[in-house]
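Right, one structure below, let's go through it.
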Amino acid sequence: MTNDRLISPSILAADFGNLQRDIEMLNKSEGDWIHVDIMDGLFVPNISFGFPVTEVAYKHATKPLDVHLMIVDPDRYIKRFAAAGAAGITVQFEACPNLHRTVQVIKETGCRAGVAINPHTPVAMLVDIIGELDLVLVMSVNPGFGGQHFIDNTYKKVAEVKKLADECKPDLFIEVDGGVDQTNAGKLFSVGANVLVAGSAVFAAANPSAMISTLKHA
Ligand SMILES: O=C(CO)[C@@H](O)[C@H](O)COP(=O)(O)O
Ligand SMILES: [Fe+2]
């Protein structure tokens, strides 16, 4: 497995009536992680799901759970998501007034620590913390919903994260999330992303597993 072109399909777009089936499909696919979107109706204007669904995903998955917390005050729930099966936990920069402490709490659980930045948040806001992170997630839509249109300014931001990472954190995972499909995946990898999240592109495809392969080799 190469480490520079990972795909993290988002189960937000899965069929929740057939979640076990969809996770088993992901297990057999070329996908690397399984992206789990947690939305609280406060940080974002939508509620997705919480611990029970995360636990079901963990029970059936043979791949690491990549948990994306779009919630206010995430410190309250980090340990519980780790116990529910997260391998990595990503919090939103905009939801964390004491970000070093939050990252420390994630690391204490043994999970990979990630920070996501919204489309309007400059990459420069991460300068003083990037060395502590395992993953930076560049949001390419405003978080809260699947199926939104990819924001083109993301390419520039990914290149900026890559430049920073080359200076102080060469093994950083640089993840992109929102509106990722076969029209932008290749360019995202070429400007420095090494993990792509895809929900609608995968689960709306006639052959989701083949779409995962298409994205991975874009
Ligand atoms: O975090 C989010 C949305 O806020 C994502 O992870 C979505 O689940 C991606 O869905 P698509 O844009 O790929 O449909
Ligand atoms: Fe996400």
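Coupling constants for the range 34-49 follow from the phi torsions by the Karplus curve (6.51 cos²θ - 1.76 cosθ + 1.60, θ = phi - 60°), and in residue order they are 10, 8, 10, 8, 10, 10, 10, x, 10, 5, 10, x, 7, 10, 9, 7 Hz; glycine and proline get x. Peptides 35-46, 20-31 ranked from most to least packed, by the mean per-residue count of other Cβ atoms within 10 Å: 35-46, 20-31.
Summing Lys and Arg as +1 and Asp and Glu as -1 over all other residues whose Cβ lies under 11 Å from the Cβ of Asn98 gives a net charge of -1. Distant-in-sequence amide contacts of Val36, defined by a placed amide H-H separation under 5 Å and a gap of 5 or more residues or a different chain, comprise Asp66, Val67, His68.
Restricting to bridges with both residues inside the chain, how much of the DSSP beta-bridge set is antiparallel, in percent to the nearest 5? Write out the running numbers ahead of the final one.
Working: 1 of 33 bridges.
Here the share of antiparallel DSSP bridges comes out near 5 percent.
Just the Kirkwood number for the range 6-216, please: inverse of mean 1/r across all distinct Cα pairs, in Å, one decimal. Here the Kirkwood hydrodynamic radius works out to 16.8 Å. Phi-derived couplings, Karplus 6.51 cos²θ - 1.76 cosθ + 1.60 at θ = phi - 60°, listed residue by residue for the range 7-12: 10, 10, x, 8, 6, 4 Hz, with x used for Gly and Pro. Over the range 65-178, one equal point on each Cα, no solvent: what is log10 I(q)/I(0) by the Debye formula at q = 0.21, 0.23 Å⁻¹? Debye intensities relative to I(0), on a log10 scale: -1.17, -1.37. Under the convention that each Lys and Arg Cβ holds +1 and each Asp and Glu Cβ holds -1, the size of the dipole of the chain around its Cα centre is about 180 debye. Evaluating 6.51 cos²θ - 1.76 cosθ + 1.60 at θ = phi - 60° for every residue in the range 13-22, the Karplus couplings come out as 9, 6, 8, 5, x, 9, 5, 4, 4, 5 Hz, glycine and proline recorded as x.
Per residue, the chain reaches -9000 deg cm²/dmol at 222 nm when only DSSP H runs of four or more residues are counted, each adding -39500 (n - 2.57).
Computed over the range 128-183, the P(r) curve from all C-alpha pair distances, binned at 5 Å from the origin, holds 4, 19, 28, 20, 16, 10, 3 percent per bin. A straight Cα-to-Cα reach below 20 Å connects Lys107 with the lysines Lys63, Lys79, Lys169, residues fewer than 8 places away in its own chain not being considered.
Taking the dipole about the Cα centre of the range 37-106, with the C-beta of Lys and Arg at +1 and of Asp and Glu at -1, give me whichever of Thr102, Thr62, Met39 is farthest to the positive side. It is Thr62. Between Asp4 and Glu108, full extension at 0.36 nm per residue minus the direct alpha carbon distance yields a gain of 34.8 nm.
Taking Pro64, Pro170, Pro119 in turn, the Gaussian network model of the chain (Cα-Cα springs below 10 Å) assigns the largest fluctuation to Pro170.
Bear in mind that the values in this text are calculations on the coordinates, not laboratory data. All values derive from a computational prediction rather than experimental measurement. Here the Cβ is made from the backbone with ideal geometry for all residues, glycine too, and neighbour counts use every protein chain on show.
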